[in-house]
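A.B. asks: Pasting a structure below so you can have a look.
Bear in mind that the values in this text are calculations on the coordinates, not laboratory data. All values derive from a computational prediction rather than experimental measurement. In this analysis, Cβ positions are derived from the backbone assuming ideal geometry, glycine residues included, and neighbour counts consider all displayed protein chains.
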Amino acid sequence: MAVTRDFSHYVKDLGSGLAHLDLAVEGVSCAGCMMKIERGLSAIPNVTLARVNLTDRRLAVEWKKGTIDPAQFVDRLAALGYKAYPFEPIRAEVVEVEQSRFLLRCLGVAAFATMNVMMLSVPVWSGNVTDMIPEQRDFFHWLSALIALPAAAYAGQPFFRSAFGALRARSVNMDVPISIGVVLALGMSIVETIHHAEHAYFDAAIMLLTFLLVGRYLDQNMRRRTRAVAGNLAALKAETATKFISSTEISEVPVAAIVPGDIVLLRPGERCAIDGKVIDGRSEIDQSLITGETRHVAAEAGTAVYAGTMNISGTLRVRVGAAAEGTLLAEISRLLENALQARSRYVQLADRASRLYAPVVHATALLTMLGWVALGANWHDAIVIAIAVLIITCPCALGLAIPTVQTIVAGTLFRAGVLLNSGDAVERVADVDTVVFDKTGTLTLPELDVVNTAAIPADVLQLAGRLALASHHPVAAAVARASKAMSPLEGIVEEPGQGVRGLVDGVELRLGRPSFCNADRMANEILSTDPEISVVAFSRGPERYVFAVRQQLRPDAAATIRGLIERGIMVEILSGDRELAVRHAATALGVVGWRAGLAPADKISHIEDLKRRGRTVMMVGDGLNDAPALAAASASMSPVSATHLSQAAADMIFLGRDLAPVLSAIVFSRKALQLMRENLALAIGYNVLAVPIAIAGYATPLVAAAAMSGSSILVMLNSLRARRVAPEVT
Amino acid sequence: MEVLAYLVPLALALGIIGLLGFLWSLRSGQYDDLDGAGWRAIADDDPPSPPA
């Protein structure tokens, strides 16, 4: 059965005879790669465009429709040394990109208006002490109004909308004082200009918007980049399934193109990408990603299989079911939903600050006005001074204090192998004092490893590895990886359920079950030492060798856990696996608190219990069974190998074989939270200095402009310190 | 002060040209790949030719 690859799901028809395909490309890291790929693909006849986006690690290809099979691009990229996967932007990402462009457009308008208004304001400020006549000053004020009013109406939209939304929901956010300040400042300036007054605040209002938009754009851009990386990861996972397009023909199609009722083929060593029921075939299934249980489950006609499980020994035909058909899955979805609803909405630092800030500022302005009236000033002057107070206190630096730190920390975390899933994750992770780990796939590596390579001669390992390349069995794959063999042997026969065998130089080689290689006694010796080990035997003529294979702890797991404990963080293990296996891991890592054989609901109740005792819990897990617990914890992380559901529930995702990113995430987040608090303090301190000047009635437009830009620059400079996070975490 | 009669409109016009230029560059996707753009500027721009 030849397999065809079907990319038609991803190909977009651009009209005018052109087709378009987006690919996520692995390993593009420099300008050289970019040029190599673009030249390599442009050389294919009928390709009209091949453009790499180095920021997002993506490639856009366009070609004359019907002339090229899109699979050819993937082959060409493979020949150039890059793995590429067709890619479909998820909706959330499209929205983020749209929003990010809108903010940049607003920022452009506000920045150009600020520059031009400033050009008019500077002569007025200096003219006040020289020879500018009132008519000229009015003329400049009117010109400023002409520029600032339309610009503010356009560029202020993000703030006005958000403030309106908050007020309608009967709450206050940072945008409420901003919007009130800007609208009042502009309104008052118009009235003052009509009355030929000396001061107008068009410059301050539009400059305020510009600074705030910088903060908003940085914040948005960080989220957009995270989404782009997450989208690439989803594409790199290459979620495809082998679908029967007729009773004998199969085709490899993206999972998105599979509908309930389709029949898919699941070969040994393949990870199942869909939920469904087995209709034909016998095999063993590794459900560890779903339940945490490392023992394999027997599968035959009628057995339910879930996305994320690994088929081990036999070929299965599976009828795709509707998403929540399986009882296990339905149970987990229900728990997840409950946990998400119960998750108390974390109030972000910025919102907490603004809830305090807005009433104080507005009360100060009101009191200033009343105070001046009480002291005998007329209403007009009192109102002008009160509005000047509002302008001075507008949370310009506050609006920058948190986004700038978040942007820089997101970059630092990314270099440490951590992706942010939600904007407030940094703040929540910083508060964590208890970390709860899942075992299988989180503390251990997701794939199997040969543990006794030292006991086996190098040439035997090499030969066994080359033989293993012929099999898809995960245990064989572990042997192949351990030997680093690249060239498969020829003339190998696979005995279903037994192993592989072949003749090399007249000697028979066998790799498979111990009974298949006649090595039962050696195998039992190894099996009796460790309950979690699986074995695979290898025979060369009369020689017998047994490989011990198991899921190993991540290489730096013990060091990372020691690092966590040193920083005063309590560490626990909650696993769905057998007690023996969990005890073994906990002892090796020096973890005192552990529980085994837990169902998803037990994990949640244990986390709830910890929370009741006043702990702030971070859950680190990968399995489907961890997803509800990830959502129930105050903060959560998943390895990149985790199931979709878990990744969606986690706040951060970490890449690679190491566990160290968990420690880095906590250390960096704590540092970031400290910087955010410093920034807030700086911004408030600045206001405390400037507000008395405004209350006293000395806040001329020049003072307002200087105070605002001064505090904003100070806050940005302080944020840059986030780049220099302690290099101790490696 | 008659100089204002043409200096002010000129300043405004320059500002608007700058803004339009920015909006154009934004719309044509020049801010989509900030990492790659820097490298493209220094790349040799010989025409793409099929490798031998």
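A.B. asks: In nm, what is the difference between 0.36 nm times the number of residues separating residue A:259 and residue A:88 and their Cα-Cα distance?
C.D. replies: The residue A:259-residue A:88 span can extend by a further 59.8 nm.
A.B. asks: Using Cβ counts within 10 Å as a stand-in for footprinting exposure, how do A:222, A:486 rank, fewest first?
C.D. replies: A:486, A:222
A.B. asks: Taking every pair of Cα atoms in the stretch A:1-88, average 1/r, invert it to obtain the Kirkwood radius, and report Rg/Rh to two decimals.
C.D. replies: Reported Rg/Rh, Kirkwood definition of Rh: 0.95.
A.B. asks: Please list, or write none, the lysines whose alpha carbon is within less than 17 Å of the alpha carbon of residue A:12, excluding same-chain residues fewer than 8 places away.
C.D. replies: A:64, A:65
A.B. asks: Between residue A:142 and residue A:486, 0.36 nm times their residue separation minus their Cα-Cα distance comes to what?
C.D. replies: Here the answer is 116.2 nm.
A.B. asks: Sticking with this structure for a sec: Could you list A:609, A:203, A:219 in order of exposure, starting from the residue whose Cβ has the fewest other Cβ atoms within 10 Å?
C.D. replies: The fewest-first ordering by Cβ neighbours comes to A:609, A:219, A:203.
A.B. asks: Rg(Cα) of the stretch A:349-415 divided by 2.2 N^0.38 Å?
C.D. replies: Here the answer is 1.62, to two decimals.
A.B. asks: Then there is this: Rank the residues A:23, A:103 as a footprinting-exposure proxy: fewest other Cβ atoms within 10 Å of their Cβ go first.
C.D. replies: A:103, A:23
A.B. asks: Consider all pairwise Cα distances in the stretch A:174-259 and report the whole-number % of them above 21 Å.
C.D. replies: 62
A.B. asks: Let me ask something else about it. How high is the FRET efficiency between residue B:24 and residue A:267 when r is their beta carbon distance and R₀ equals 35 Å, given to the nearest 0.05?
C.D. replies: Efficiency at R0 = 35 Å is approximately 0.10.
A.B. asks: Given the rule -39500 (n - 2.57) for each run of at least 4 DSSP H residues, summed and divided by the residues of the protein assembly as shown, what is its mean residue ellipticity at 222 nm, to the nearest 500 deg cm²/dmol? Walk me through the numbers before you get to the answer.
C.D. replies: Working: 26 runs with 405 residues, N = 782.
Only helices count here, giving -17000 deg cm²/dmol.
A.B. asks: What whole number of Å gives the distance from the Cα centroid of the stretch A:552-586 to the Cα centroid of the stretch A:646-673?
C.D. replies: A separation of 16 Å, based on Cα centres.
A.B. asks: How large is the translational diffusion coefficient of the stretch A:425-531 in µm² per second when you combine the Kirkwood radius over alpha carbon pairs with Stokes-Einstein at 37 °C and 0.692 mPa s?
C.D. replies: 202
A.B. asks: Still on this structure, I have one more. Using the Kirkwood radius over Cα pairs, work out the Stokes-Einstein diffusion coefficient for the stretch A:530-589 at 37 °C and 0.692 mPa s, in µm²/s as a whole number.
C.D. replies: 232
A.B. asks: State, to one decimal in nm, how far the label point of residue A:592 lies from the label point of residue A:462, with both points 7 Å from Cα in the Cβ direction.
C.D. replies: 5.1
A.B. asks: Given an 8 Å cut-off on Cα distances and at least 6 residues of separation, report the relative contact order of the stretch A:1-88 as a percent.
C.D. replies: 37
A.B. asks: How large are Rg and Dmax for the stretch A:588-629 when only the alpha carbon atoms are used, in Å?
C.D. replies: Answer for the stretch A:588-629, Rg first and Dmax second: 10.9, 29 Å.
A.B. asks: Still on this structure, I have one more. Separation between the residue B:31 and residue A:415 pseudo-spin-labels, each 7 Å from Cα along Cα→Cβ, expressed in nm?
C.D. replies: Modelled inter-label distance: 2.5 nm.
A.B. asks: Related question: Can you work out the FRET efficiency for the pair residue A:319 and residue A:356, with r the C-beta to C-beta distance and R0 = 60 Å, to the nearest 0.05?
C.D. replies: Efficiency at R0 = 60 Å is approximately 0.55.
A.B. asks: Assigning unit charges at the beta carbon (Lys, Arg +1; Asp, Glu -1) and nothing else, what dipole magnitude in debye, to the nearest 20, does chain A show about its Cα centre?
C.D. replies: Numbers: 68 positive and 69 negative charges, 93 e Å.
Magnitude of the dipole: close to 440 debye.
A.B. asks: What do you get when you divide the Cα radius of gyration of the stretch A:603-730 by 2.2 N^0.38 Å, with N the number of residues?
C.D. replies: 1.54
A.B. asks: Also, I was wondering about something else. Please provide three numbers in whole Å: the alpha-carbon extents of the stretch A:239-325 along the principal axes, with the largest listed first.
C.D. replies: Principal extents (Cα only, largest first): 34, 23, 20 Å.
A.B. asks: Treating only the Cα positions of the protein assembly as shown as identical point scatterers, give the base-10 log of I(q)/I(0) from the Debye formula at each q in 0.08, 0.09 Å⁻¹.
C.D. replies: -0.82, -0.98
A.B. asks: For the stretch A:468-547, just the Cα set please: Rg and Dmax, both in angstrom.
C.D. replies: Expressed in Å, the Cα Rg and Dmax of the stretch A:468-547 come to 12.3, 37.
A.B. asks: The stretch A:172-317: D in µm²/s via Stokes-Einstein (Kirkwood Rh, Cα pairs, 25 °C, 0.890 mPa s)?
C.D. replies: For these conditions, the coefficient is 120 µm²/s.
A.B. asks: Given a cut-off of under 8 Å on Cα pairs at least six residues apart, what relative contact order in percent is computed for the stretch A:239-325?
C.D. replies: 35
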